[in-house]
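**Q** Got a structure here, written out as structure tokens. Questions coming.
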Amino acid sequence: MQLYHHPYSLDSQKVRMALEEKGIDYTSYRVNPLTGKNMNVDFFRMNPSAKLPVFQNGAHVIYRAIDIIQYIDRLAVHLSGEIAPVNTEVQQWMQKVDAWNPKMFTLTHTPVKYRVFVSKFIRRVLIARMAEAPDLASMYHVKLREAYATEDKVKDPDIMRQSEEELSKLLDDVEAQLSKTKYLAGDEFSPADSMFTPILARITLLDLDEEYINCRPKILEYYNLMKQRPSYKIAIGKYFNGWKKYRTLFKTSFFLCFRTLFRKY
């Protein structure tokens, strides 16, 4: 089994937490979207959406995080030989968490100069790949149009407001649930927690804890509990706790600056 992912990718974090919780071995392939590696021809042929993560088990390839996690859950049950009852509450929470798209929230809370710098770099990568693989040019062109459309959307204050309101509603619902249960869908950790915890980590990465987490005591307590789990430490904490966050950011920033300077000379 292979997982194509990156530590920055929120959906990748969801899947990696689920894999670690189930103790499933897999081969890790890191693909950095900020440096355009997800646009490389070989990867793009396999996954024209260029989104992460991608999970492959033999000829079976799955692209959406929620689908991957549900597959992992079924696989773990099969390997254990047990018959697990269908938990509709877990499924409902997974769907609710999946309904919130973190992309616009992340972009609108990223400093403009960094966002614009990466956006221009990615557009150059797409144009270069169109020339490199003419048979994929039409699909690359779709991604190029999406990149321009995203730049327009991120400037729209209504879109930013909608994303923030949707996140606040989700967090309020979770806060209410955690007043009744230890974890999101009951008193035991479930795939719903693998789906939700990386959202809290993204809020922390953007330095927005005070606004979204610390004002919700049940979520704050839950988040501190999640941080103690080995799956969190492997999928998220290893890269973003304390000074490690800046090391991860620096490595990508250095690559982008080096590539930009190299193209000039």
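**Q** Would you call residue 18 part of a helix (DSSP H, G or I), over 17 Å from the mean Cα position of the chain (by Cα) and more than 24 Å from residue 136 (Cα to Cα)?
**A** no
**Q** So residue 160 passes all but one of these: (1) touching a helix residue (DSSP H, G or I) at 6+ places or on another chain (Cβ under 6 Å); (2) within 20 Å of residue 14 (Cα to Cα). Which condition number does it fail?
**A** (2)
**Q** Which pairs turn up if I take residues in region 35-47 that are on the phi < 0 side of the Ramachandran plot and look for partners that are of a type in the set (S, T, N, Q) with beta carbon separation below 7 Å, at least 6 apart in sequence or on another chain?
**A** Close Cβ pairs (under 7 Å, with a partner that is of a type in the set (S, T, N, Q)) amount to 35/252.
**Q** I'm trying to understand the selection: among the residues of region 5-29, which are open to solvent by 40 Å² or more (accessible area, probe 1.4 Å) and within 23 Å of residue 104 (Cα to Cα)?
**A** 11
**Q** Would you confirm, using the coordinates I've provided, whether residue 7 is assigned to a loop (DSSP other than H, G, I, E, B) and closer than 21 Å to residue 142 by Cα?
**A** Against the criterion (assigned to a loop (DSSP other than H, G, I, E, B) and closer than 21 Å to residue 142 by Cα), residue 7 does not qualify.
**Q** Regarding residue 89, is this residue among the acidic types (Asp, Glu) and crowded, with 16+ Cβ neighbours inside 10 Å?
**A** Taking the combined requirement at face value, the residue does not satisfy it.
**Q** Right, something else. For region 31-46: of the residues being part of a loop (DSSP other than H, G, I, E, B) and under 18 Å from residue 123 (Cβ atoms), which is modelled with the highest pLDDT?
**A** 40
**Q** Of the conditions (1) open to solvent by 10 Å² or more (accessible area, probe 1.4 Å); (2) aliphatic (A, V, I, L, M); (3) touching a strand residue (DSSP E or B) at 6+ places or on another chain (Cβ under 6 Å), residue 34 satisfies every one except a single condition; which number is it?
**A** That leaves (3) as the condition not met.
**Q** Okay, moving on. Take residues that are touching a Gly at 6+ places or on another chain (Cβ under 8 Å) and not charged (D, E, K, R) and tell me which of the helices (runs of 4 or more DSSP H) falling wholly in region 49-134 contain 2 or more.
**A** So the answer is 112-132.
**Q** Still on this structure, please answer the following. For region 139-159, indicate whether the set of residues that are open to solvent by 40 Å² or more (accessible area, probe 1.4 Å), under 30 Å from residue 76 (Cβ atoms) and of a type in the set (A, V, I, L, M, F, W, C) is non-empty.
**A** Taking every residue of region 139-159 in turn, none turns out to be open to solvent by 40 Å² or more (accessible area, probe 1.4 Å), under 30 Å from residue 76 (Cβ atoms) and of a type in the set (A, V, I, L, M, F, W, C).
**Q** Which residue, of 3, 19, 107, is under 30 Å from residue 164 (Cβ atoms) and of a type outside the set (Lys, Arg)?
**A** 107
**Q** Can you tell me how many residues within region 46-60 are surrounded by fewer than 21 Cβ atoms within 10 Å (Cβ to Cβ) and in contact with a helix residue (DSSP H, G or I) (Cβ under 7 Å, 6 or more places away or on another chain)?
**A** 1
**Q** Do any residues in region 127-150 that are under 18 Å from residue 42 (Cα atoms) have Cβ atoms under 9 Å from those of residues that are among the basic types (Lys, Arg) and surrounded by fewer than 13 Cβ atoms within 10 Å (Cβ to Cβ), where the two are at least six apart or on different chains, and which pairs are they?
**A** 133/45; 136/45
**Q** Here's a follow-up. Where in region 147-265 are the helices (runs of 4 or more DSSP H), entirely inside, with at least 3 residues that are within 20 Å of the chain's Cα centre (by Cα) and at pLDDT 90 or above?
**A** 157-178, 191-205, 217-226
The values are calculated or read from the model by the stated rules, or taken from the named source; none is laboratory data. Note that the coordinates shown come from a computational prediction; the quantities given were computed from them, not determined experimentally. For neighbour counting, all protein chains shown are included, and Cβ atoms are generated from backbone atoms with ideal geometry for every residue, glycine included. Only protein heavy atoms, including side chains, enter the accessible area calculation; ligands, DNA and RNA are left aside. Shrake-Rupley method; radii C 1.70, N 1.55, O 1.52, S 1.80 Å.
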